[in-house]
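Please read the structure below before turning to the comments.
The values are calculated or read from the model by the stated rules, or taken from the named source; none is laboratory data. Here the structure is a predicted model, which is why all the values come from computation and not from measurement. Counting neighbours? That spans all protein chains shown, and the Cβs are built from the backbone with ideal geometry, glycine included. For the accessible areas, the whole protein counts, side chains as well, though only heavy atoms, and no ligand, DNA or RNA atoms are used. Shrake-Rupley method; radii C 1.70, N 1.55, O 1.52, S 1.80 Å.
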Amino acid sequence: MRKPELLIPAGSLDVLKTAVVYGADAVYLGGEAFGLRAKAKNFTNEEISEGIAFAHERGVKVYITANILAHNSDLPGVEAYFEELKTIGPDALIISDPGVFLAAKRVLPDMELHISTQANNTNYGTYQFWHELGAKRVVSARELSLAEIKEIRAHIPEDMETESFIHGAMCISYSGRCLLSNYFTGRDANQGACTHPCRWKYSIMEETRPGEYMPVYENDRGTFIFNSKDLCMIEYIPEMIDAGIDSFKIEGRMKTALYAATMARTYRKAIDDCFKDPALYREHMDWYKAEIGKCTYREYTTGFYFGKPDSETQIYDNSTYVKNYTYLGTVESVNGQGHGRIEQKNKFSVGEEIEVMKPDGTNLFVTVKAIYDGEGNWRESAPHAREIIDVDLGVSLESYDILRRSEMR
């Protein structure tokens, strides 16, 4: 039984480095074009090169998304972009469009190619098709059950890899092939510019009564009829392994370093525990669930894995996240006094109780003893986002330690 890869999203260079340090086996990211997260920071070619060097030094792979559904005008730029990637050297490209796939085969004949969930991968015939064309891996459609994935595994070549989502936001068009955003706003979800209309509140207007809006109700719970709960399979890793999935994928290239660190560290420990001893995995379940709950989320569901979702997989009364913890910053370096330097993400003050999250799984509960600005002046608080500050927490700090604050008071 193969130990699955843990694949973590990275929306920026600092998030990539955090994911690597906190336990990812591989990370996936988008360049400045042809990926499906146009609003993410994304990576310049120089940043991709730096990220790949950082990851490879630590035995971690890097995959680049080029998974738009391309139009004619995109194809010349796609080929030029692939020419640039020749010298950058990622471990694989993630592609959904057959035309883009053929361009990659021409320009990068030795590159490992993965087929995105966008490509409607719902049966083993589709997997066999892509394998014959030279794909190494196919990402399953979101709307597959574990039983279907296991059946696919039994019908495809041994050397072909499968990848499935294990955690993250769910799209109402479950493999992400959505037309709502384009229809309402002109921003195409299939080209990376989705406005997430599935999270909006809707009413009905009857054709003969223009301007008269009638609310939509599912029982008495509200009107957010497309707003799915987030996927979370932390309690079902043995079942995911049994289905023969080679790579467990976390969704979230728009998320923070805190999210990447939390997901990487928690799922890393859960997978390792499960392979070491299933009893150990069950024993630590409360810890996994508590840690995951320290990130923003929309309540959780198991998606399609155990059958088709029902009315309980939607959130009807709001479109907001549950937020139990606030990300304060990541330690970039430590000076001779033991003070950690961070780029502050949210306000905090001297005297506050916060938590230090370490890559090895340790959480330290500390009191902020002092804050200093870039010139070494003492400060009562750090109110300005992205300000570089030094903090004295009275404990030993290391680079990549993450500072977070509980909001459950």
Under 24 Å Cα to Cα from Lys276, which lysines show up? Leave out anything in the same chain fewer than 8 places away. Lys3, Lys61, Lys150, Lys249, Lys289, Lys358
Note down the magnitude of the dipole of segment 26-149 about its Cα centre, charges +1 on Lys and Arg C-beta and -1 on Asp and Glu C-beta and zero elsewhere, to the nearest 20 debye. 260 debye
Using the heavy atoms of the protein chains and a 1.4 angstrom probe, tell me the accessible area per residue for segment 235-390 in square angstrom. 45 Å²
Most to least accessible of Tyr236, Tyr325 (protein chains only, probe 1.4 Å): Tyr236, Tyr325
Judged on accessible area alone, 1.4 Å probe, highest first, Tyr124, Tyr327 line up as Tyr124, Tyr327
Determine how large the accessible area of Met408 is when every protein chain is in place; take a 1.4 Å probe and give Å² rounded to the nearest 10. 120 Å²
Just to verify a number: what accessible area does Phe275 come out at with the full protein assembly present, 1.4 Å probe, Å² rounded to tens? 80 Å²
Accessible-area order for Lys249, Lys17, largest to smallest, probe 1.4 angstrom, reads Lys17, Lys249
Using a 1.4 Å probe, how large is the accessible area of Asp286, given in Å² and rounded to the nearest 10? 120 Å²
